[in-house]
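These notes concern the structure reproduced below.
Read-outs: derived from the displayed coordinates by stated rules, not from any lab. No experiment lies behind these values; they were computed from the predicted model shown. Positions of Cβ are backbone-derived with ideal geometry, glycine not excepted, and every protein chain shown enters the neighbour counts.
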Amino acid sequence: MVYVSNDNMIKWVLRPYRGGKDRVVNIGLEYKPPPQNFVKPIDNREGIIKALQGYDTIGRAIARGLG
């Protein structure tokens with residue numbers, strides 16, 4: 001559990017966390033969300049098409065629609 005202020009600074013953590021070289025969660029650091037899982041487009045074609053619709057550019061569709 002993490003409490004983050006409006007400026008994305010970590011104010012309180014239940015347990016400090018260090019995962020690998022690029023993931024640290026501790027008081028006083030800027031909060032960065034954990035990495036997203038990879039989506040395989042061939043697993044769910046209809047779901048992928050739905051996720052990509054509604055964005056005006058292919059870059060935004062891929063980055064935001066597929067995460």
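Nearest 20 debye, what's the magnitude of the dipole of the chain about its Cα centre given +1 on Lys and Arg Cβ and -1 on Asp and Glu Cβ?
Its charge dipole is roughly 220 debye.
What FRET efficiency comes out for the pair E30/T57, r = Cβ-Cβ distance, R0 = 35 Å, nearest 0.05?
0.80
Lys/Arg Cβ at +1, Asp/Glu Cβ at -1, dipole of the chain taken about the Cα centre: which of G47, W12, A61 is farthest positive-ward?
Looking along the dipole axis, the top candidate is W12.
Return a whole-number percent for the relative contact order of the chain, with Cα pairs under 8 Å and 6 or more residues apart as the contact set.
Worked out over the chain, it gives 19 percent.
With label points built 7 Å along Cα→Cβ from the Cα atoms of R15 and N44, find their separation and express it in nm.
The answer from the label model is 2.9 nm.
Scan around L29 for amide H atoms under 5 Å from its own, H built in the peptide plane at 1.01 Å from N, and keep only partners 5 or more places away or cross-chain.
Those qualifying (amide H under 5 Å, at least 5 residues apart or on another chain) are I10.
Using the Cα atoms as the points, what is the convex hull volume per residue of the chain in Å³?
Value for the chain: 137 Å³ per residue.
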